[in-house]
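Q: Below is the structure I would like to discuss, written out as structure tokens.
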Amino acid sequence: MDQQSAYAALAREDRVHTSLYTDPAIFDAEMDRIFANTWVWVAHASELPTPNSYKMSHVGLQPVVVTRDKESQLHVLLNRCRHRAASVCEQKRGRAQMFVCRYHGWSYDMTGRLRAVPYAAGYGTELNKEDYPLVSLRVETYAGLVFATMRDDIQPLAEYLGPARAWIDLFMKQGAGFGIKVAGEHRFRFPGNWKIQLENTTDAYHFPIVHRSFLTSLDEETEGQFDVLGQGGWIEDLGNGHSVMVMIPDLVDLEANLDAPIPERFQDLAAELAKTHAPQEVRRIVRAVGGTGFNINLFPNVACSMAFFRVLRPIAVNETEIAHMALGMAGGPEAANQARLRLHEHFQGPMGFGSPDDAEGWERVQRGAAAGDDLWILLNRGLAQGSNTGDVSAETGMRAAYRMWRRMMAQ
Amino acid sequence: MTAISLPSAMEFIWLEADLLDSHDYAAWLALWTATGHYIIPTERDAEDYAAVLNVVYDDQEMREARVKRLQSGLSMSASPAARTVRTVSRFRAMDGAAGVFVVRCAQHIVEYKYDRTRMLAADVLFWLVPAASGISLQRKVVTLINGDDALHGIGYLL
């Protein structure tokens, strides 16, 4: 059996082999065959708010800098000086006109162009600056989501996202007409494989079990809303490894049902907003403030998850970093944006009422996967229901992701 | 009510540390004023923590909910809880508003769970106010040395 067929045999329709979590050789192949071969999320446009702004990011294991040049064009540049490989940027985010390598002083503008080399006479005619820009990746955006790829010949981003675009449009309605901005991020690591986290975003089955302590911290009305298995939700395979999981059907379209009663937990906020906003505007903002009722899982590294972006970064076969990026209404009312920050802190992050229990669960998966190396991870929940509908606790979204994994690893 | 001195503040802060290491959360909740805030920032130099994302930004209601969760037995990250041993030192009285005694200090927490020992270091700022019982906690800001970087799931209080 050749290597491609061997990988394909490890990911069946209803199960994947334990080695997908534990084998360093498979991890190396994933970085090459998946992360270097598709669209990888690197930033949200609001993180680069002005010309000459930048943030550090990653495409797979490779450090990059996402920049907005003085003409407001976005670039994704490998964070590596063309001279002797030193990183040219070590500030997580900021503003600059130039990246100056601190080792020998080579300087690059925000487009990646090499502008100046100290003591250039020493090169004689042997160095043409045009030959040594920072390596620039292909960049495309959809609805403010910025993706990069190492490949110049793959399909455009819009085509890759396909039917997921309509769900992204719905997700962005939580900007309540103001637009979406990243309002801060929690980052944490867990000792486990990246696909454990990829699966979790499309796993409603765990919610009432793992998050019981979160649910009991809510008022009765909100606890009822988070009864994610009991509201007729569903899950859809959107192709190319993407999927959507609808947990709260009432919160699919945040611009619908604006006349519904305002939930008890948002009454104070509504009263505050009513001092400066018209009644219909208050309803629109309050309905958007808690986020949507669904998770969009975009293969391989980002999710638009209810009210935040979840970004995963593979570090090693058994180490993954997660960013939970809080979102706000760009230019929206401060009271509503502070309410969003407090809601995010309640569940997300290293000391949220939800994330630490998720992280513990994922670590347990990695620890358990050390046993039984001839065993498989089951993905067969709801298999009989078909691939495009079904119970929200079906493992349809995981099957979608692993179908894409198999396609890319076997190519 | 007597004025707060640095030695009495240190004694209070050591008591608070011991209550947290021993998971005596009911006694810990009783240390606070009703309007106090417990804050663990993600941004080291924020001017207004309420306006930015934090790891923790707890008023009294959230502190009580957090303690309830840690003690519920329903949270797998907190039951069993990691063992912790913390040391608080390098105390320094700082300028504060009238009636508030401000102390800055260093805190090292060593955590143990699942064969693994980890360390969390932080600068901690306490706002202390006189109370009938001695001292009450008005504000605690735990600025982790790596609070703006990747952390890990934490199933106890800092």
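The values are calculated or read from the model by the stated rules, or taken from the named source; none is laboratory data. Here the structure is a predicted model, which means the values were calculated and not measured. Glycine also receives a Cβ, built like all others from the backbone with ideal geometry; neighbour counts cover every protein chain displayed.
Q: Quick one: in segment A:338-384, which of the residues that are among the polar types (S, T, N, Q) and surrounded by fewer than 22 Cβ atoms within 10 Å (Cβ to Cβ) is nearest to A:S305 (Cα to Cα)?
A: If we filter segment A:338-384 for residues that are among the polar types (S, T, N, Q), which is where we start, we get A:338, A:348, A:355, A:366, A:380.
Add one more test, that the residue is surrounded by fewer than 22 Cβ atoms within 10 Å (Cβ to Cβ), and what stays is A:338, A:366, A:380.
Values: A:Q338: 19, A:Q366: 23, A:N380: 23 Å.
Among residues in segment A:338-384 that are among the polar types (S, T, N, Q) and surrounded by fewer than 22 Cβ atoms within 10 Å (Cβ to Cβ), the one nearest to A:S305 (Cα to Cα) is A:Q338.
Yes/no matrix, rows are residues, columns are (1) assigned by TED's automatic domain parsing to the domain that holds A:I322; (2) aliphatic (A, V, I, L, M); (3) touching a strand residue (DSSP E or B) at 6+ places or on another chain (Cβ under 9 Å); (4) closer than 27 Å to A:Y160 by Cα:
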site: A:T67; (1), (2), (3), (4): no, no, yes, yes
site: A:L74; (1), (2), (3), (4): no, yes, yes, yes
site: A:R80; (1), (2), (3), (4): no, no, yes, no
site: A:M98; (1), (2), (3), (4): no, yes, yes, no
site: A:Y108; (1), (2), (3), (4): no, no, yes, no
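Q: Hey, could you check segment B:37-48 for residues that are surrounded by 19 or more Cβ atoms within 10 Å (Cβ to Cβ) and of a type outside the set (A, V, I, L, M) and say which is farthest from B:L157 (Cα to Cα)?
A: Filtering segment B:37-48 for residues that are surrounded by 19 or more Cβ atoms within 10 Å (Cβ to Cβ) and of a type outside the set (A, V, I, L, M), the one farthest from B:L157 (Cα to Cα) comes out as B:T42.
Q: I'm trying to understand the selection: among the residues of segment A:102-126, which are under 36 Å from the mean Cα position of the chain (by Cα) and on the phi > 0 side of the Ramachandran plot?
A: The answer is A:G105, A:G112.
Q: While we're here: Name the helices (runs of 4 or more DSSP H) wholly inside segment A:163-271 in which the number of residues that are without any contact (Cβ under 8 Å) to a residue 40 or more places away in the chain is 2 or more.
A: Fully inside segment A:163-271 and qualifying: A:164-171, A:207-210, A:212-215, A:220-225.
Q: Just for segment A:166-205: of the residues that are polar (S, T, N, Q) and within 14 Å of the chain's Cα centre (by Cα), which one is surrounded by the most Cβ atoms within 10 Å (Cβ to Cβ)?
A: My answer is A:T202.
Q: Let me ask something additional. Would you be able to say whether some residue in segment B:80-87 is within 14 Å of chain A (Cβ to nearest Cβ) and crowded, with 19+ Cβ neighbours inside 10 Å?
A: Keep residues of segment B:80-87 that are within 14 Å of chain A (Cβ to nearest Cβ), which gives B:80-82, B:84.
Of the ones still in play, those that are also crowded, with 19+ Cβ neighbours inside 10 Å are B:82, B:84.
Looking for residues that are within 14 Å of chain A (Cβ to nearest Cβ) and crowded, with 19+ Cβ neighbours inside 10 Å, one finds at least one in segment B:80-87, hence yes.
Q: Okay, moving on. If we scan segment A:377-397, do we find a residue that is out of contact with any strand residue (DSSP E or B) (no Cβ under 7 Å at 6 or more places or on another chain) and within 21 Å of A:N318 (Cα to Cα)? Spell out the reasoning first.
A: The first filter runs over segment A:377-397 and keeps only residues out of contact with any strand residue (DSSP E or B) (no Cβ under 7 Å at 6 or more places or on another chain), leaving A:381-386, A:391, A:393, A:395.
Imposing the further condition that a residue be within 21 Å of A:N318 (Cα to Cα) reduces the set to none.
No: zero hits.
Q: Any idea how many residues of segment A:326-347 are within 20 Å of the chain's Cα centre (by Cα) and more than 9 Å from chain B (Cβ to nearest Cβ)?
A: Within segment A:326-347, the subset within 20 Å of the chain's Cα centre (by Cα) is A:326-330, A:340-341, A:343-347.
Next, from what is left, pick out any that are more than 9 Å from chain B (Cβ to nearest Cβ): A:327-330, A:340, A:343, A:347.
Residues flagged as within 20 Å of the chain's Cα centre (by Cα) and more than 9 Å from chain B (Cβ to nearest Cβ) within segment A:326-347 amount to 7.
Q: Of A:A370, A:A339, A:A359, which residue is in a loop (DSSP other than H, G, I, E, B) and farther than 22 Å from A:D14 by Cβ? Spell out how you get there, then give the answer.
A: Values: A:A339 fails: in a loop (DSSP other than H, G, I, E, B); A:A359 fails: in a loop (DSSP other than H, G, I, E, B).
After ruling out the rest, the residue left standing is A:A370.
Q: Kindly indicate the residue of segment A:81-101 that is without any contact (Cβ under 8 Å) to a residue 24 or more places away in the chain and not in a loop (DSSP other than H, G, I, E, B) and also farthest from A:Y54 (Cα to Cα) among those meeting that condition.
A: Going through the qualifying residues, I end up with A:V100.
Q: In addition: Taking segment A:186-223 as the region of interest, how many residues are away from chain B (no Cβ under 14 Å) and among the β-branched types (V, I, T)?
A: Qualifying residue count, segment A:186-223: 2.
Q: Name the residue, out of A:G354, A:G349, that is in the same structural domain as A:G184 (by TED's automatic domain parsing) and at positive phi.
A: Values: A:G354 fails: at positive phi.
Sole residue among the options that is in the same structural domain as A:G184 (by TED's automatic domain parsing) and at positive phi: A:G349.
Q: Moving on to the next point. Looking at A:E140, is it assigned to a helix (DSSP H, G or I) and at pLDDT 95 or above?
A: Values: assigned to a helix (DSSP H, G or I): no; at pLDDT 95 or above: yes.
Judged against the criteria, A:E140 is not a match.
Q: Looking at the structure I just gave you, is B:V55 within 14 Å of chain A (Cβ to nearest Cβ), of a type outside the set (S, T, Y) and in contact (Cβ under 8 Å) with a residue 24 or more places away in the chain? Spell out the reasoning first.
A: Working: within 14 Å of chain A (Cβ to nearest Cβ): yes; of a type outside the set (S, T, Y): yes; in contact (Cβ under 8 Å) with a residue 24 or more places away in the chain: yes.
When the stated conditions are applied, B:V55 passes them.
Q: Tell me yes or no: at least one residue of segment A:401-409 is under 30 Å from B:Y49 (Cα atoms), assigned by TED's automatic domain parsing to the domain that holds A:V182, of a type outside the set (G, A, S) and not in a strand (DSSP E or B). Quick ask: steps written out before the conclusion?
A: Taking segment A:401-409 as the starting set, the residues that turn out to be under 30 Å from B:Y49 (Cα atoms) are none.
Taking every residue of segment A:401-409 in turn, none turns out to be under 30 Å from B:Y49 (Cα atoms), assigned by TED's automatic domain parsing to the domain that holds A:V182, of a type outside the set (G, A, S) and not in a strand (DSSP E or B).
Q: Of all residues in segment A:329-372 being among the acidic types (D, E) and in contact (Cβ under 8 Å) with a residue 60 or more places away in the chain, which is nearest to A:F214 (Cα to Cα)?
A: So the first thing to find is which residues in segment A:329-372 are among the acidic types (D, E), and the list is A:334, A:345, A:357-358, A:360, A:363.
Going one step further and asking which of them are in contact (Cβ under 8 Å) with a residue 60 or more places away in the chain, we end up with A:357-358, A:363.
Numbers: A:D357: 10, A:D358: 11, A:E363: 19 Å.
Taking the candidates together, the pick is A:D357.
Q: When you go through (1) more than 23 Å from B:D45 (Cβ to Cβ); (2) within 14 Å of chain A (Cβ to nearest Cβ) one by one for B:P130, which number turns out not to apply?
A: It is condition (2) that B:P130 fails.
Q: Could you list, ordered by first residue, the pairs with Cβ atoms under 8 Å in which the first is in segment A:1-27 and in a helix (DSSP H, G or I) and the second is loosely packed, with under 12 Cβ neighbours inside 10 Å, at least 6 apart or interchain?
A: A:Q4/A:Q411; A:A9/A:M1; A:S19/A:D373; A:T22/A:A370; A:T22/A:D373
Q: I've got another one for you. Can you pull out every residue in segment A:239-271 that is among the polar types (S, T, N, Q), on the phi > 0 side of the Ramachandran plot and modelled with pLDDT of 95 or more?
A: Step one: list which residues in segment A:239-271 are among the polar types (S, T, N, Q), which gives A:240, A:243, A:257, A:267.
Filter once more, so that each one left must be on the phi > 0 side of the Ramachandran plot: A:240, A:257.
If the condition is that a residue be among the polar types (S, T, N, Q), on the phi > 0 side of the Ramachandran plot and modelled with pLDDT of 95 or more, then A:N240 is the only one that fits.
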